[in-house]
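Data block below; observations after.
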Amino acid sequence: METKKKVPTNTVTRDIKNLAEPTGNIYESVVVLYKRANQIAIAEKKELSKKLEDFKTERDTMDEVFENKEQIEISKYYERQPKPDLVAITEFENGELYFRRAKQDEAEFSVKSPRAKDEE
């Protein structure tokens, strides 16, 4: 998973009011962030598993396990990537996420981030 945007690799203190602004409720914002972070984590796990599948052997015992430099480099690359929750928060703050509330009137059906409103 290529991360082209600037995402912090460590935890950053954020103002809760800014996170709650797009949805109007901090709890709804947390749910949106959780769901997006989960999507990112699943995609990364599938991608990593697909790449590491090439290194799988038929006999996998403790005595026969050996270190493969390519496998180690692939694993280190994914360890250096920003955590899925940090990517989700950055996307949310930049207005790159689309989310909607279920079971509401048509007038209130979709919620867009403040940045998306400015672009219209």
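Assorted remarks:
- Test: residue in segment 14-36 that is out of contact with any Gly (no Cβ under 7 Å at 6 or more places or on another chain), at pLDDT 85 or above and aromatic (Phe, Trp, Tyr): yes
- Filter pass, residue 5 being loosely packed, with under 12 Cβ neighbours inside 10 Å, modelled with pLDDT under 85 and within 18 Å of residue 97 (Cβ to Cβ): yes
- Residues in segment 15-51 that are in contact (Cβ under 8 Å) with a residue 60 or more places away in the chain, touching a helix residue (DSSP H, G or I) at 6+ places or on another chain (Cβ under 7 Å) and either not in a helix (DSSP H, G or I) or not hydrophobic (A, V, I, L, M, F, W, C) (or both): 21, 22, 23, 29, 36.
- The criterion of at least 2 residues that are at pLDDT below 60 is met by the following helices (runs of 4 or more DSSP H) wholly inside segment 53-120: 114-119.
The values are calculated or read from the model by the stated rules, or taken from the named source; none is laboratory data. As the structure is a prediction and not an experimental result, all values here were calculated from the model. All Cβ positions, glycine included, derive from the backbone under ideal geometry; neighbour counts span all protein chains shown.
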